[in-house]
Amino acid sequence: CIIATSNLLVLASDVPVWSVGKVWTRLDVYANDTMIFHAGPSLLSIADGGVRVHLNGGWCISQSTCLNKTSAQATQGSSNSLGSWDGWETTWTGNMFSMVTTVKYYSGVDAFVFEQRFPNGATNTSLGSYSESLSEWPRFRADSLTWKTQSWAGTMCSGTTIANSPTELPSNYLSLTGGPLLMFSEPDDFVENCTGAVLSTFDNFKTGIWSYSLPDEAVSQCSVQQGMNYEHHDIFGDSPQALRMYNKTKDYTGSECCSWCDGFSNCSAWTIGKGLPEPYTDICFLKTSTAGAVRAGQISGMKSGAQQVGHLVAGISGMVASIPVNHSASFLLVAPKKQCRVQTMKQWGNVLKQAYGTNRKPWHARDPTTSQLGYWTDNAAAYDWYHWTVDEIVDGKAPGGKIPSVTLIEVQQKLNAANVPVRYYQLDAYWYYAQGPDWHLCAMDWVYEPRLFPEGLMKMTAAMNSSLEPNGMPLLLYIPEVCANNSYRDRYHFYDSYPNAPNTGPIALVDPMESEKFYGELFDWGLQHGRMVSFEVDFLDYQLLQFPDLLENVSLAETWQRGIGNAAAQRNLSVQLCMSIPNE
């Protein structure tokens, strides 16, 4: 049984080996790898310097046989956008694996960046779910996270909630689908004497913040390591029935598990507390004094009754199957001086914009959808035809009683008469060849439906001209997911979604390596046949979360979206990425 002692406790007499920050915000690093972050007069959190990584089918824990600290030192560097930084870098190595953790303090913006880097990559890392993280650093103990926490979730950050602490947030406000986390200490009346901090992802896809309970490391912790021998026959004997009983560990918890050792010498029973992630959920195992059966994989546990402690961790999604060589993931912690929630979030946003050189004003001025008045036919509009089938629209059962090409010409004639300066029209999920439920029509072929636009888009938009658009009304053309049986499969490779993807059924996604070429073909059609000035791709949440290929790879989702952006930039088109999730 391998005993892991606590890395969390710091005595009042201990002196940091490295400190950085300003009067208001400071990070102290101690010899036992504990990191203490101060914000204002209060201690915000204690970060465990230890690391956990899931690789080769099991957990690798720092200061164990598979991951040892080999170096720790102060370091410095600079970035073109945020300026110089001072940091503390620790290298962890094991059998054919290494991980480098670095905290960087950018004094110019008073912000900290925590970076995980994998010089040799890692294989067989998946936990089978993005509800937990396969890598953990930094890891904050919940008993030190006493501030209230606000987070956002859902498509386009449409939902928000406030919890009494970060570890009390509902799961959908964490992982890939939630964030950032705004932690704050302020009275309900919003007085100015308050403190706050924001923790978020900083770069790369398939990263997030997670929260769950782990055994308190101040209590002895036991691990069954891969390839090590553990006794069974002193208790159960060697029969096949006894072996089956030994290996059936699920649902044996608490006193029932501990009673297995009653009456036997040199026997210890260990159980996992409830609420832990797989593979730790409700596991019980035994340890006796002599050699016996070999347990595959690695299972960790704790003595029955030991305290469970909540943790807040940053890391890579547990769905990722492998980590490329030299891949890194970074997380941002921003804590401005004596400013409450609004100003704290503004400062976090300013740091991100400075880091990536974001200046939206010139782009907004060029984009018709952000600088000009448009007429939309999206959900809940006066004419949202996608709630009706093509047959129903042709039969006059949809709003207006006419097909869209006739109705839109009439609408624009009325707007011209009223001197309403509309500069473009948005056509939603009905104008192309589609299939699916009425609110969710995937694209089979991204060309106009001739029964709805019998004379084509160019002739219709020419009849919708105005004094501001004398050559014809420009269009913003929409596409959601692509149907599984789309018309482009003979020219492009597509990934398939989960067969029973919720709400959508089977859908397809173009191979991200072909994304730029594929969307370039669509854009060229729209420019030639649809007077297109802008493009909308919808349901990013489904497209990012329903394709195993994207969930299991750290870079494909970004490659797919960059392909759309590159194709649009080459044609001077703007793009709306609709229903995105917070982290991607």
Subset of the range 547-579 that is more than 16 Å from SER322 (Cα to Cα) and in a loop (DSSP other than H, G, I, E, B) - its residue that is modelled with the lowest pLDDT: MET579
In the range 166-182, residue nearest to the chain's Cα centre (by Cα) [restricted to those that are in contact (Cβ under 8 Å) with a residue 40 or more places away in the chain and assigned to a loop (DSSP other than H, G, I, E, B)]: LEU176
Residues of the range 510-535 that turn out to be crowded, with 20+ Cβ neighbours inside 10 Å and closer than 20 Å to TRP431 by Cα, as a count: 11
Identity of the residue in the range 84-107, over 19 Å from PHE331 (Cβ atoms) and touching a Phe, Trp or Tyr at 6+ places or on another chain (Cβ under 9 Å), that ends up surrounded by the fewest Cβ atoms within 10 Å (Cβ to Cβ): SER84
Only one of GLU469, GLU516, GLU552 that is in contact with a helix residue (DSSP H, G or I) (Cβ under 8 Å, 6 or more places away or on another chain) and among the acidic types (Asp, Glu): GLU516
Residue match in the range 397-408 (condition: part of a loop (DSSP other than H, G, I, E, B), without any contact (Cβ under 8 Å) to a residue 24 or more places away in the chain and in contact with a helix residue (DSSP H, G or I) (Cβ under 6 Å, 6 or more places away or on another chain)): yes
Residue selected from the range 492-503 under the condition out of contact with any helix residue (DSSP H, G or I) (no Cβ under 6 Å at 6 or more places or on another chain) and at pLDDT 95 or above, by the criterion surrounded by the most Cβ atoms within 10 Å (Cβ to Cβ): PHE494
Selection within the range 132-165 - closer than 18 Å to SER317 by Cα, modelled with pLDDT of 80 or more, in contact with a helix residue (DSSP H, G or I) (Cβ under 8 Å, 6 or more places away or on another chain) and not in a strand (DSSP E or B): none
Qualifying residue in the range 532-541 (condition: in a helix (DSSP H, G or I), out of contact with any Gly (no Cβ under 7 Å at 6 or more places or on another chain) and either of a type outside the set (Gly, Ala, Ser) or modelled with pLDDT of 95 or more (or both)): yes
Residues within the range 447-479 that are open to solvent by less than 10 Å² (accessible area, probe 1.4 Å), closer than 22 Å to LEU373 by Cα, assigned to a loop (DSSP other than H, G, I, E, B) and among the aliphatic types (A, V, I, L, M), tallied: 2
Any chance VAL320 is part of a loop (DSSP other than H, G, I, E, B), surrounded by 22 or more Cβ atoms within 10 Å (Cβ to Cβ) and modelled with pLDDT of 90 or more: yes
Filtered residue count, the range 395-419, keeping only those that are at pLDDT 95 or above, open to solvent by 50 Å² or more (accessible area, probe 1.4 Å) and not charged (D, E, K, R): 6
Filtered residues of the range 347-382 (kept if out of contact with any helix residue (DSSP H, G or I) (no Cβ under 9 Å at 6 or more places or on another chain), in a helix (DSSP H, G or I) and either surrounded by 13 or more Cβ atoms within 10 Å (Cβ to Cβ) or among the hydrophobic types (A, V, I, L, M, F, W, C) (or both)): GLN347, TRP348, GLY349, ASN350, VAL351, LEU352, GLN354, ALA355, PRO368, THR369
Test: residue in the range 504-516 that is outside any strand (DSSP E or B), of a type in the set (D, E, K, R), under 30 Å from PRO362 (Cβ atoms) and more than 25 Å from the chain's Cα centre (by Cα): no
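The values are calculated or read from the model by the stated rules, or taken from the named source; none is laboratory data. Since the structure is predicted, the reported quantities are computational estimates derived from the model, not experimental observations. Quick reminder, even Gly has a Cβ in these numbers, built from the backbone with ideal geometry, and neighbours come from all protein chains shown. The accessibility values were calculated without ligands, DNA or RNA, using every heavy atom of the protein model including side chains. Shrake-Rupley method; radii C 1.70, N 1.55, O 1.52, S 1.80 Å.
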